[in-house]
1. Only one residue in Gly269, Gly261 is farther than 30 Å from Val393 by Cβ and free of Cβ contacts under 8 Å to residues at least 60 places away in the same chain, so which one is that?
2. Does Ala37 count as within 10 Å of Ala135 (Cβ to Cβ), away from the ligand (no atom under 16 Å from the Cβ) and among the small types (Gly, Ala, Ser)?
3. Residues that are of a type in the set (S, T, N, Q) and assigned by TED's automatic domain parsing to the domain that holds Ile125: which strands (runs of 3 or more DSSP E) entirely in segment 1-65 hold 1 or more of them?
4. For Val225, all conditions in the list (1) away from the ligand (no atom under 16 Å from the Cβ); (2) open to solvent by less than 20 Å² (accessible area, probe 1.4 Å) hold save one; what is the number of the exception?
5. Can you say whether Ala396 is open to solvent by less than 20 Å² (accessible area, probe 1.4 Å), assigned to a strand (DSSP E or B) and of a type in the set (Gly, Ala, Ser), as far as the supplied structure shows?
6. Within segment 40-68, how many residues are away from the ligand (no atom under 16 Å from the Cβ), polar (S, T, N, Q) and open to solvent by 10 Å² or more (accessible area, probe 1.4 Å)?
7. Just wondering, is there one or more residues in segment 156-178 that are within 16 Å of the ligand (Cβ to nearest atom), hydrophobic (A, V, I, L, M, F, W, C) and either open to solvent by 10 Å² or more (accessible area, probe 1.4 Å) or out of contact with any Gly (no Cβ under 9 Å at 6 or more places or on another chain) (or both)?
8. Residue check: is Arg355 more than 20 Å from Lys87 (Cβ to Cβ) and in contact with a Leu (Cβ under 9 Å, 6 or more places away or on another chain)?
Amino acid sequence: MSGLLDLVGGTPLVTLRSGVHAKLEYLNPGGSVKDRAALAMVLDAESSGALCPGGTIVEGTSGNTGLGLAQVAAARGYRMVCVLPDKTAVEKLDALRAYGAEVVLTPSALPKEHPNHVVAWAARIARETDGGWWADQYGNPANPAVHFRTTGPEIWEATSGRITHLVATIGTGGTISGTGRFLKEASDGRVQVIGADPATSSYGGGDGSPFAIEAAGHYVHPKTVDDPWPDSYHRDVVDAVVSVPDRASITACRSLARDEGLLVGGSSGTAYAVASSVTGDCVVVLLPDSGRAYLTKYHSDTWVRRQGFVDGELAGLASPVVSVPVGTPVAEARRVLEESGQPALPVVLAGRSDRFPPAAGEVLALVTFADLTAGTVGPAAVPPVGLGVGESVADALDRFPDGEVAHLVRDGRLAGLVTRADLSSGR
Ligand SMILES: Cc1ncc(COP(=O)(O)O)c(C=O)c1O
């Protein structure tokens, strides 16, 4: 017999048909790799006296760390408060509440410097609560350390020291830093440690604009001035970071379910997309969580079509689009719209590079000449609905927003404009 928390770690390594060995972190009792960091951070805080009996655990997270901490809090008798962005899927909020955690919601699109940004707010709640302790997964050394102590040795033992390559995604960086450092040391530097990074994440050299894969990568709000990478990410351990287009991550994620019987999340797809292309004698990939949390996302045919991660009947209509940042004077917007010859002008979040087309979620309005009367262009009261290039004409017509023009979405990004007439004529 053992206690629940004794079940954290010790996950199996299974060999896939491709020959890659996959470490199944979703088999932790809370459902993800973050059980390890959550438990380790709490035990560390207990032994340092930072967290005392009857205390309150506080963390700002949209994901698995919150669940891991809520599980530990329930099992060890603490109160738990979790600060989350208001766009967090309702299933995740409900799961936290099911563990008895209190949920505090804050607007999603805040720069790091804002006092109500998830991290700043969590730190403040901890400071202002009697017996409060902020877990701080991004700055807490217990996060990478637990992977050095457990995940690394488990992989070393399971491969009898034969591992040649480790592939993992980078969120806080705790997993890759701790596991990678152990494997490098154990192998006298022989093991290659490879980070797999979502499309536009800044770890792999992207501009930090939104990407579709949750929990991995590094997003940068355009108003964020100073955005150092977290202390929990030790770059010296990582030999290479490979950027993976979201479409490739999602395809890999879905194929792990269909071809290997592993129902995993999007970041597992990112990691596997890289691992399956690495040549090495013994390649190990870390799969962080289960696909159960993403049935309405990566594993949903509808979602994949609407986000344009597959090509369908609308793919032929995609073409480059000119857009303007929010705040552009109306006179300038009219000039741009006129010169473009487009039927409408997308208004997008200001401050992004033009290295990538605007992310669909950063398209704030779609305006025509009739809308451009005075002042500056602003966000629409309700963000415009995009049509995915993977949709059928019939579905797109059904979902066509008010007005004559809609924007197209391919790979989660703005990819063209389409009129109702284009679709009705079957163009
Ligand atoms: C699903 C998923 N993938 C990847 C990661 C990244 O792991 P780490 O924070 O250890 O870098 C996390 C972390 O929360 C995660 O929840």
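1. Gly261
2. Against the criterion (within 10 Å of Ala135 (Cβ to Cβ), away from the ligand (no atom under 16 Å from the Cβ) and among the small types (Gly, Ala, Ser)), Ala37 does not qualify.
3. Of the strands (runs of 3 or more DSSP E) lying wholly inside segment 1-65, those with at least 1 residues that are of a type in the set (S, T, N, Q) and assigned by TED's automatic domain parsing to the domain that holds Ile125 span 56-60.
4. For Val225, the exception is condition (2).
5. no
6. Within segment 40-68, residues that are away from the ligand (no atom under 16 Å from the Cβ), polar (S, T, N, Q) and open to solvent by 10 Å² or more (accessible area, probe 1.4 Å) number 2.
7. So far as segment 156-178 goes, no, none of its residues is within 16 Å of the ligand (Cβ to nearest atom), hydrophobic (A, V, I, L, M, F, W, C) and either open to solvent by 10 Å² or more (accessible area, probe 1.4 Å) or out of contact with any Gly (no Cβ under 9 Å at 6 or more places or on another chain) (or both).
8. Considered against the rule, which asks whether it is more than 20 Å from Lys87 (Cβ to Cβ) and in contact with a Leu (Cβ under 9 Å, 6 or more places away or on another chain), Arg355 comes out as no.
The values are calculated or read from the model by the stated rules, or taken from the named source; none is laboratory data. Computed from a predicted structure; not experimentally measured. Because the Cβ atoms are built from the backbone with ideal geometry, glycine has one as well, and the counts that use them run over all protein chains shown. Heads up: the accessible areas ignore ligands, DNA and RNA and are worked out on the full protein's heavy atoms, side chains in. Shrake-Rupley method; radii C 1.70, N 1.55, O 1.52, S 1.80 Å.
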